[in-house]
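To start, the structure itself, in structure tokens.
Any read-out appearing in this document is the output of simple, stated calculations on the displayed coordinates, not a laboratory observation. All values reported here derive from a predicted model rather than from experimental measurement. For neighbour counting, all protein chains shown are included, and Cβ atoms are generated from backbone atoms with ideal geometry for every residue, glycine included.
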Amino acid sequence: MLTWEDYKSVSLTQHVIDETLRLGGIAIWLMREAKEDVEYQDYVIPKGSFVVPFLSFVHQDENFYEGATTFNPFRWMDPKNLEKANWRNNPFYSPFGGGSRLCPGAELARLQIALFLHYFVMSYRWSQVKEDKMSFFPSAGLINGFPIKLYKII
């Protein structure tokens, strides 16, 4: 059985979760209505228009994340990325939304992911059934769903 102390002490697991959510988060886009005319670069977004920002594009922007389309949980250990890892108030990493629209179940979701990973890795081994490759539109995902064959550890 895992304890709360165990959960809090597995920093690499937390980084794996952060990196997984950065590449293929739960909320890949948001829909917002412009409450007033908004000027952005050379464009005007008229009041009443709907804007759909894709969070996955921000999470995969090379301006914010070096090697942005590469799964690298160790990036969260780099001191220059410590501020980015704060998903509660970082506009460049927001797997659970942000501000007043921050998902109230974010911590529970992270706990559930950690528990699943722990028991999955401790109880099973697997082999890949067929080659697969990544697609990054509209968010990261494996084209064939990464089919695997599971083996229960006795």
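How large is the Rg to Rh ratio of the chain when both quantities use alpha carbon positions and Rh follows Kirkwood? Each step should come with its number before you reach the end.
Numbers: Rg = 18.3 Å, Rh = 17.8 Å.
Checking Rg against Rh, the ratio lands at 1.03.
Under a straight-distance cross-link criterion of Cα-Cα below 25 Å, which lysines are reachable from LYS130, leaving out those fewer than 8 residues away in the same chain?
List returned: LYS149, LYS152.
Placing +1 at every Lys and Arg Cβ and -1 at every Asp and Glu Cβ, with all other atoms neutral, what dipole size does the chain have around its Cα centre, in debye to the nearest 20?
640
Connecting C-alpha atoms closer than 10 Å in a GNM of the chain, tell me which of SER123, SER56, SER94 has the biggest fluctuation.
For the chain, modelled as a Gaussian network with Cα springs under 10 Å, the answer is SER123.
What's the longest bit of the chain with no exposed trypsin sites (Lys or Arg not before Pro), using DSSP loop states and at most 16 other Cβ atoms within 10 Å as the test? It would help to have the intermediate numbers written out before the result.
Numbers: sites that count: LYS35, LYS47, ARG88, LYS130, LYS133.
Longest site-free region, per DSSP loop and neighbour criteria: 89-129.
Which of HIS15, HIS118, HIS59 ends up with the largest GNM mean-square fluctuation for the chain, with Cα atoms connected below 10 Å?
Looking only at HIS15, HIS118, HIS59, the largest GNM fluctuation is found for HIS118.
Chymotrypsin sites (Phe, Trp or Tyr not before Pro), restricted to segment 90-151: which are DSSP loop and have at most 16 other Cβ atoms within 10 Å?
When the chymotrypsin sites (Phe, Trp or Tyr not before Pro) of segment 90-151 are filtered for loop state and at most 16 Cβ neighbours within 10 Å, PHE92, PHE136 remain.
If I fit a long axis through the Cα atoms of helix 11-24 and take the longest principal axis of the Cα atoms of the chain, what angle between them do I get, 0 to 90°, rounded to 10?
Approximately 50 degrees, to the nearest ten.
What percent does the relative contact order of segment 1-90 come to when contacts are Cα pairs within less than 8 Å and at least six residues apart?
28
Between the helical axis of 106-123 and the dominant principal axis of the chain, each derived from Cα atoms, what acute angle in degrees is found, rounded to the nearest 10?
Helix 106-123 sits roughly 30 degrees off the main axis of the chain.
Which percent, nearest 5, of DSSP beta bridges in the chain are antiparallel? Display every interim value, and only then the final one.
Working: 13 of 14 bridges.
Here the share of antiparallel DSSP bridges comes out near 95 percent.
Tell me which GluC sites (Glu not before Pro) from segment 67-154 have a DSSP coil assignment and no more than 14 other beta carbons within 10 Å of their own.
Qualifying residues, ordered by number: GLU83, GLU131.
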